[in-house]
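Peer 1: Handing you this structure, nothing more for now.
The values are calculated or read from the model by the stated rules, or taken from the named source; none is laboratory data. Because the structure is predicted, anything quoted here is derived from the model rather than measured. Methodologically, a virtual Cβ is constructed for each residue, glycine included, from the backbone with ideal geometry; neighbour enumeration extends over all protein chains shown. For the accessible areas, the whole protein counts, side chains as well, though only heavy atoms, and no ligand, DNA or RNA atoms are used. Shrake-Rupley method; radii C 1.70, N 1.55, O 1.52, S 1.80 Å.
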Amino acid sequence: MRTVASRAIRQAVLPVALFGLFAAGCTRLSHHGGQAARPGGGHTPQHIATRGTIPPEFLDLVTTKKAFANLATVMPNGSPQVTPVWFDFDGKYLRVNSARGRVKDKNMRRDPRVALSILDPDDPYRYLEIRGRVIKIAANGAVEHTDLLARKYLSVERNPSRRPDQVRVMYVIEPRRVAGQG
């Protein structure tokens, strides 16, 4: 009985602990040596954290820039799984797209907790980290959404990697904790 309870606790705590260590390492890296490594020797970046809202000084990362998000999901054994994804932002929610049956699809259906790390493509010392929950999973409108993302990221009308046998799925993510630096 003790083993089952401790396994359940590890599975619940491990993803959060691993992500916390990753975030702390990134923050530590940026504070120790970030100034010397930063092109032009700029000042130490500013760090901002909010509850669920994207700070105005980071809105360009989710609206106008072609920044990729690294989407972290939780595997059945509690370990993290990370995939770079296209995304968009509707002013309140982030939206990502995938095909049904992929690992991230299975993970988000089973456990709605996710995290996204968005690095500024023009300044690698500037980033946004979002922890949130998938609040909606929809096949309706997902093909149009993936084509919208193809226009944003590739400047083409249709997602060229979309196959006719795929069932596209859109995931709506509610930000719960937002942190940014740069």
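Peer 1: Taking the Cα centre of the range 60-110 as the origin, how large is its charge dipole in debye, to the nearest 20, when only Lys and Arg (+1) and Asp and Glu (-1) carry charge on their Cβ atoms?
Peer 2: Using Cβ point charges on Lys, Arg, Asp and Glu, the range 60-110 gives about 240 debye.
Peer 1: Also: Of all accessible surface on the range 72-182 at a 1.4 Å probe, what whole percent is carbon and sulfur?
Peer 2: Numbers: 2760 of 5250 Å².
For the range 72-182, the apolar C and S fraction of the accessible surface comes to 53 percent.
Peer 1: Measuring with a 1.4 Å probe in the full set of protein chains, what accessible area per residue, in whole Å², belongs to the range 83-182? If you can, show how the numbers build up before the last one.
Peer 2: Details: 4740 Å² over 100 residues.
In whole numbers, the range 83-182 has 47 Å² accessible per residue.
Peer 1: Let me ask something else. What is the packing order of peptides 105-115, 168-178, taking the mean over residues of other C-beta atoms within 10 Å and listing the highest first?
Peer 2: Working: 105-115: 18.5, 168-178: 20.0.
Final packing ranking: 168-178, 105-115.
Peer 1: How high is the relative contact order of the range 50-110, given as a whole-number percent (alpha carbon pairs under 8 Å, six or more residues apart)?
Peer 2: Numbers: 59 pairs, mean separation 15.6, N = 61.
Once divided by the residue count of the range 50-110, the mean separation gives 26 percent.
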